[in-house]
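None of the figures in this text is laboratory data; all of them are computed from the coordinates on show. It should be emphasised that the depicted structure is a prediction, and the values quoted were computed from it without experimental measurement. Counting neighbours? That spans all protein chains shown, and the Cβs are built from the backbone with ideal geometry, glycine included.
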């Protein structure tokens, strides 16, 4: 991949908590320091004005490392604000919808954000019934219209990926898992493998041919395992508190699964999770190295797989420093 919009960050200025031992995992940051802020704050403002006031919330933005700048460092500059809005919308939905009085909103069901990311929002728009939809769905339709105006072809690809995400992810949190081996495939789905596929292809202007789609997803999957488990490791305290508040008897998180499977405490479970992350990271680095030097593989597939590795680095460093996971802890 040719790096045009990002710069590499000196490893001496950030920590990796020992999770990166491979020099191929380099942190890069988008050169545009403003568009992500604009998109993120716009999403927060729209939600506060049209859905409900946002209080004590932290999403994309961080003091040094903001999510989209380090996770999609090669985003086309004119698309960075839009994907930042999209990701901030998802973060806000995750945090804020559970605070609303859902009894007053009959449409809201167990799938939560999954229902809002479904194709129904387009049906409302086509039928002229969007005005009757819930306000968060109208915001989602506004986002998708913005994407369509920028790049209709890749926006449609993103919509299809999101719709597929709904089909696969709606049942992932319906049960607890007894082993990490059983949990990981479900967590990869739930963590948004398909949502991120849409984000990367739209943000970077990539086209994955239908004939190469299966190979593309297969090559990138170990990277998505790393992304999912890294999220679990650093969001554990946040998710444990949320589960307690909701009266759940389990936490959909690898730390909880490891604790139950192995009969260990939190710290040992975290150490185990960290070791699994390192193993999958090394596996994925080997895949990326072989893929980017293989001319038999479509150029955009190669770029996509390498982009997932950039996301692995960005997500790790953001997770270590972000207010979202560390506020009040």
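See the values below:
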read-out	value
Cα-based equivalent ellipsoid, segment 164-296: semi-axes from gyration tensor eigenvalues, Å	29, 18, 12
Cβ-based exposure ranking for 264, 308, in which fewest neighbours within 10 Å come first	264, 308
Cα-based shape type of the chain, given that a ≥ b ≥ c are square roots of the gyration tensor eigenvalues and the cut on a/c is 1.5	rounded
Ellipticity estimate at 222 nm from DSSP helix runs (n ≥ 4, -39,500 (n - 2.57)) divided over the chain, nearest 500	-20500 deg cm²/dmol
Candidates 70, 225, 54: whichever shows maximal mean-square fluctuation once the chain is modelled as a Gaussian network with Cα springs under 10 Å	54
Inverse of mean 1/r across different Cα pairs in segment 146-208, Kirkwood, Å	12.7
Sorted by Cβ density within 10 Å, fewest first, the residues 47, 318, 162	47, 162, 318
Relative contact order, percent, segment 6-326 [alpha-carbon distance under 8 Å, six or more residues apart]	26
Residue exposure sequence - 72, 251 - by fewest surrounding Cβ within 10 Å	251, 72
Top of 39, 56, 178 by mean-square fluctuation, Gaussian network on the chain, Cα under 10 Å	56
Rule-of-thumb Rg ratio for segment 233-306 [Cα; 2.2 N^0.38 Å; N residues]	1.57
